[in-house]
1. Determine, yes or no, whether ILE123 is closer than 22 Å to ALA217 by Cα and part of a strand (DSSP E or B).
2. I'd like to check something: does segment 233-247 contain any residue that is within 10 Å of the chain's Cα centre (by Cα) and of a type in the set (Gly, Ala, Ser)?
3. Restricting the search to segment 223-244, which residues are open to solvent by less than 10 Å² (accessible area, probe 1.4 Å), in contact with a strand residue (DSSP E or B) (Cβ under 6 Å, 6 or more places away or on another chain) and of a type outside the set (Gly, Ala, Ser)?
4. Consider ASP491 against the criteria (1) open to solvent by less than 30 Å² (accessible area, probe 1.4 Å); (2) within 15 Å of THR441 (Cβ to Cβ); (3) charged (D, E, K, R): it satisfies all of them except one. Which criterion is unmet?
5. Given the residues ASN337, ASN383, ASN307, which is the only one that is within 17 Å of ASN445 (Cβ to Cβ), of a type outside the set (Phe, Trp, Tyr) and in contact (Cβ under 8 Å) with a residue 12 or more places away in the chain?
6. Tally the residues that are among the small types (Gly, Ala, Ser), closer than 15 Å to ARG57 by Cα and not in a loop (DSSP other than H, G, I, E, B), restricting the search to segment 91-115.
7. Between SER136, SER118, SER88, which is in a loop (DSSP other than H, G, I, E, B), at pLDDT below 95, surrounded by 19 or more Cβ atoms within 10 Å (Cβ to Cβ) and of a type outside the set (D, E, K, R)?
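The values are calculated or read from the model by the stated rules, or taken from the named source; none is laboratory data. What you see is a predicted model; the values in this text were computed from it and never measured. For neighbour counting, all protein chains shown are included, and Cβ atoms are generated from backbone atoms with ideal geometry for every residue, glycine included. When the accessible area is computed, the model is the full protein with side chains, heavy atoms only, and any ligands, DNA or RNA have been set aside. Shrake-Rupley method; radii C 1.70, N 1.55, O 1.52, S 1.80 Å.
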Amino acid sequence: MFTHRVGRFWWVATAAVFSLSLVGCGGGDEAAPPGGASIQVDSTADTTARDGVVTLREALLLATGGLPAQGLDVSEADNVEGVPGTTSGDVITFDRAIFPPSQSATIALASALPALSSGGDTINAAGAGVIVGGGSRAFDCLVITSAKNTVSGLQVRECKIGVLLEAGATENTIGGALEGQGNVLAASETGLRVATEASGNLVEGNRVGADRPGGTADANEIGVFVGGRENSIGGGNVVSGNERVGVTVAGSGNVVSGNYIGTDPSGSVAVPNGIEGIWVAGQGNTVGGSTAAERNVISGNGLFGINVSGSGATGNVVKGNYIGVDATGQKGLGNRNGVGVSFGAQNNVIGGVEKGEGNVISGNSVGVLLRDTGTTGNAFQGNRIGMEAVGEEPLPNGTGISILGGAQKNTFGGIAKGERNIISANAIGVLVDGGSTTGHTIRGNAIFSNSGAGIEVRDGGNGGLSPPVVTDLGPVRGSACAGCTVDIYSDGEDEGQTYEGSAVAGPDGAFEADVDADGPNVTATATDANGSTSPFSQPLAVPR
């Protein structure tokens with residue numbers, strides 16, 4: 001029997017048995033966590049040889065039980081404090097002399113790393129310069145199949161999938177809220193994928209598709225794909241510069257909030273995702289929130305800021321975001337289309353009636369594009385479309401809202417508190433186009449100062465419903481389609497800035513609304529039994 005003291009350990013050996021026990025602590029970046037071990041990586045190699053250094057591959061094997069600590073040589077053992085393995089929560093750190101933060105060093109992988117499979121482990125590269133490189137995008141670089149792990153401070157690139165959360169991956173944290181904890185996930189087919197069976201994970205503070213400063217594209221094809229449920233993509237992620245989609249949400253009950261999607265970290269410079277900033281294809285997900293911290297800045301993207309699309313896209317809420325404007329909400333940073341709702345998406349809410357829930361959708365070529373057969377039951381409430389976030393300054397879209405392609409029975413605004421949208425300063429306020437595009441209810445909104453029509457129907461849109469005729473004021477009288485609901489507005493020109501009240505036209509089309517409209521002009525719209533709303537009537541001036 002012999003004993004040998006090396007660094008932080010007493011090694012005790014017999015002819016057949018080695019045992020390792022902690023008796024003190026020495027140097028190193030991080031002490032062993034309670035009940036766990038601290039393992040320091042001090043090599044850029046991707047080997048498992050007994051060669052006096054600990055590689056990242058070996059550290060992961062130690063933490064997950066694939067490499068017994070007793071198998072290390074003396075120099076390797078000096079990088080381990082505590083007893084690692086499947087029953088402990090271990091922390092993997094990196095020697096900054098090998099991985100200096102000012103000049104990152106690359107671990108060139110020959111194959112996928114061992115999965116984080118035992119739970120409760122941490123890879124902490126914060127404050128070090130660590131690049132994990134897959135080289136040819138042939139394999140998934142880092143896979144997590146267990147719970148309550150943390151991965152922070154890494155740069156993971158050139159992988160098939162940079163970080164993959166598989167079945168069993170729950171309550172993991174990818175990134176972190178503190179400086180240096182965010183990962184850079186770049187130059188891969190997919191930066192981060194949360195599989196269908198993965199739930200309750202947090203992704204925050206990362207750069208996905210951009211470099212570490214966040215201002216230059218380092219593109220993945222897809223930034224983040226979320227197929228699971230009740231995951232949170234939020235808290236300062238910059239998901240920008242990806243070739244196709246920034247964030248795809250295909251699962252249910254997920255939250256995407258507090259991110260910069262298509263911009264740099266200041267939210268003032270476009271770093272576009274090529275197609276969509278966010279694509280929502282699942283059910284019951286939330287994008288944004290009612291507070292400034294929950295707000296996403298979704299701007300500068302190639303085709304859509306956010307696209308809620310597909311027959312599986314139901315019951316989602318998009319609220320409180322800046323879409324097409326910078327982080328101040330006062331300057332344009334447009335997407336081609338701000339918000340898309342399409343290809344059979346149903347019963348989604350864009351905006352909301354409570355304080356902070358409305359989106360600012362301004363500065364885009366088209367603010368809202370709603371289209372396609374089967375796209376129905378969606379509600380747009382409380383949004384500012386064509387104006388800055390605060391005050392009354394214009395920040396126009398080309399068209400505020402464009403509805404076409406056979407979409408039916410969607411709602412824009414309403415007459416209850418908080419339901420109205422402000423639709424102003426656009427080339428056209430609302431356009432309803434095509435004979436199969438019907439049943440779109442446009443009521444109670446503040447539609448004004450658009451350079452073209454406030455509401456325009458083309459080629460039989462909304463059934464080609466004719467506007468009312470206003471003939472008298474105090475009370476407001478006129479004629480409309482029989483049985484239609486007539487909404488009365490005051491406006492400075494020929495739109496509808498202020499909703500004043502409603503009446504129902506009789507069988508002969510006559511209506512009378514007991515409202516005292518302020519003017520200076522009074523206009524009206526009609527909405528029929530199918531929910532189709534007409535353009536505004538010709539204005540009638542209030543006598544002075």
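1. When the stated conditions are applied, ILE123 does not pass them.
2. Yes, segment 233-247 contains a residue that is within 10 Å of the chain's Cα centre (by Cα) and of a type in the set (Gly, Ala, Ser).
3. VAL224, VAL226, ASN231, ILE233, VAL238, VAL239, ASN242
4. (2)
5. ASN383
6. Adding up the residues that qualify gives 1.
7. Working: SER136 fails: surrounded by 19 or more Cβ atoms within 10 Å (Cβ to Cβ); SER118 fails: at pLDDT below 95.
Going through SER136, SER118, SER88 in turn, just one is in a loop (DSSP other than H, G, I, E, B), at pLDDT below 95, surrounded by 19 or more Cβ atoms within 10 Å (Cβ to Cβ) and of a type outside the set (D, E, K, R): SER88.
Residue-wise test of (1) open to solvent by less than 20 Å² (accessible area, probe 1.4 Å); (2) not in a strand (DSSP E or B).
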| position | (1), (2) |
| --- | --- |
| ALA453 | no, yes |
| THR471 | no, no |
| VAL486 | yes, no |
| GLU500 | no, no |
